[in-house]
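Coordinate-derived values only; no laboratory data. These figures come from a predicted structure and were not determined experimentally. A quick note on method: Cβ atoms are made from the backbone with ideal geometry, for glycine too, and the neighbour counts reach across all protein chains shown.
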Amino acid sequence: MKKAVISILEVMNHSATEKAGTIAARRALQVELRGHSRIQCTGGKLWLTRSGDPNDHILVEGESFRLDAPARLLLSGLGEASYRIV
């Protein structure tokens, strides 16, 4: 039997306050954002999947992804990765 690549799914609802954290390797974080937010990779490599977007995005330390509208995202670490939502 194959093991799932993503073994844990955490749910977080982001408000106007800044949120930061670390995603362990082989883990994922589901984030619902209200819009006008930015996801910044603060360490490692972050794999970002946006609901309704056919393209995934890979962010490395120092890179960010801007959202102008509400979105549901799945963040995964390619190895351990850290992030900040502002």
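Quick notes on this one:
- For q = 0.16, 0.18, 0.24 Å⁻¹, Debye-computed log10 I/I(0) when each Cα of the range 15-86 counts as one equal scatterer: -0.46, -0.60, -1.09
- With both labels modelled 7 Å from their Cα along Cα-to-Cβ, the GLU61 to LYS45 distance reads 1.4 nm.
- Distance between the 7 Å Cα→Cβ label points at ARG38 and ALA20: 1.4 nm.
- Amide H contacts of GLY44: GLU61, SER82, each under 5 Å away and 5 or more positions distant or on a separate chain (H built 1.01 Å from N in the peptide plane; Pro and chain starts excluded).
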